[in-house]
1. When only residues in the range 87-102 that are at pLDDT below 95 and touching a helix residue (DSSP H, G or I) at 6+ places or on another chain (Cβ under 8 Å) count, which is farthest from residue 10 (Cα to Cα)?
2. How many of the residues in the range 10-64 are out of contact with any helix residue (DSSP H, G or I) (no Cβ under 9 Å at 6 or more places or on another chain), surrounded by fewer than 17 Cβ atoms within 10 Å (Cβ to Cβ) and either assigned to a helix (DSSP H, G or I) or modelled with pLDDT of 95 or more (or both)?
3. In the range 68-93, what residues are in contact with a strand residue (DSSP E or B) (Cβ under 7 Å, 6 or more places away or on another chain) and either assigned to a loop (DSSP other than H, G, I, E, B) or over 20 Å from residue 20 (Cβ atoms) (or both)?
């Protein structure tokens, strides 16, 4: 009786670690994308590419089915949202992760 409970706890701990890692990867990719998208002279598509590249190089396979969306909010703020799924040890388990990062768009304005 004790051994199945132990294995269940171990699987639960490993699953939590996989979910946490995927969540942190999504947040880091969103931050990378928003920083690139908000740079002086940059574009929203450059932010999308930066986030996708970050996911591909930093954690390939960690975040499955990653989706990156980039938009401009009112007040000249670049917003990047990364969504995907964490790897699951149990096949029917759906662990969706999502992270959003905002950064003010850098631009030169003249006074007057």
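The values are calculated or read from the model by the stated rules, or taken from the named source; none is laboratory data. Computed from a predicted structure; not experimentally measured. Every residue, glycine as well, gets a Cβ built from its backbone with ideal geometry; the counts of neighbours run over all protein chains shown.
1. 95
2. 14
3. Passing the criteria: 68, 69, 70, 71, 72, 73, 76, 77, 78, 79, 80, 87.
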